[in-house]
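Below is one structure, written out as structure tokens; the observations come after it.
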Amino acid sequence: MDSTTLARKARLLRWLMNCYPPYLGAGIRVREISADFRRARVSMVLSWYNRNYVRTQFGGSLYSMTDPFFMVLLMENLGRHYIVWDKAAHIDFVAPGKGTVYADFSIDQALLDDIRRHTADGDKYLPHLHVEVRDAEGTLVARVDKTLYIRLKPHRRQAA
């Protein structure tokens with residue numbers, strides 16, 4: 001795909017995700033998906049519909065804002081010959097989210113090369129990726145550790 005087509009695809013995906021009812025209901029906004037699908041930025045405002053009993057960001061919404069992004073970025077960069085699933089996650093709540101919070105996702109060429117190397121013989125690979133949720137002042141609100149399951153699709157494994 002050329003860069004113009006990729007940029008359109010990234011914009012369309014951002015728009016669709018922003019229309020996704022669970023994200024709308026939680027106040028989650030996808031602010032950016034880069035044209036090369038290597039970066040994404042997500043925010044969540046604090047409002048009455050995502051506030052918990054102590055009037056801070058609901059933990060489930062904090063996790064939800066981080067849920068699919070590493071998987072989506074990797075799927076777009078690895079291509080259709082790979083299975084990419086979220087396998088496990090752990091969230092560590094560090095400080096209360098009292099306002100708008102942000103999560104910045106990034107993957108690099110070294111990670112993509114590492115994945116391709118580990119899966120070249122048809123084996124599964126379980127990379128561990130990390131993202132931080134921070135407030136507007138930069139205070140760490142939560143750390144999220146994700147484990148993904150990545151493997152060549154069956155028809156590609158036979159070729160390997």
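The values are calculated or read from the model by the stated rules, or taken from the named source; none is laboratory data. For clarity, every value in this text was computed on a predicted model and none was experimentally measured. No Cβ is skipped: glycine too gets one built from the backbone with ideal geometry, and neighbour counts run over all protein chains shown. Note: areas computed on protein heavy atoms with side chains; ligands, DNA, RNA excluded. Shrake-Rupley method; radii C 1.70, N 1.55, O 1.52, S 1.80 Å.
Quick notes on this one:
- Segment residue 53-residue 93, extension gain: residue separation times 0.36 nm, minus the distance between their alpha carbons: 12.8 nm
- Between the beta carbons of residue 4 and residue 109, assuming R0 = 25 Å, the FRET efficiency works out to 0.70 to the nearest 0.05.
- Surface exposure of the chain, expressed per residue as accessible area with a 1.4 Å probe, stands at 56 Å².
- Remark: C-alpha extents of region 95-160 on the principal axes read 52, 19, 14 Å, sorted largest to smallest.
- Dipole of region 17-160 [Lys/Arg +1, Asp/Glu -1 at C-beta], most positive-end residue of 112, 72, 144: 72
- Of all accessible heavy-atom area on the chain, the percent that carbon and sulfur account for (1.4 Å): 53 percent
- Backbone phi angles across region 85-95, fed through the Karplus curve with coefficients 6.51, -1.76 and 1.60 (θ = phi - 60°), yield HN-Hα couplings of 10, 6, 9, 7, 8, 9, 10, 10, 7, 9, 8 Hz in residue order; Gly and Pro are listed as x.
- Distance between the pseudo-spin-label points of residue 12 and residue 143 (7 Å out from Cα toward the beta carbon): 3.9 nm.
- Sequence-distant lysines (8 or more away, or on other chains) whose Cα lies within less than 26 Å of residue 124: 87, 146, 153
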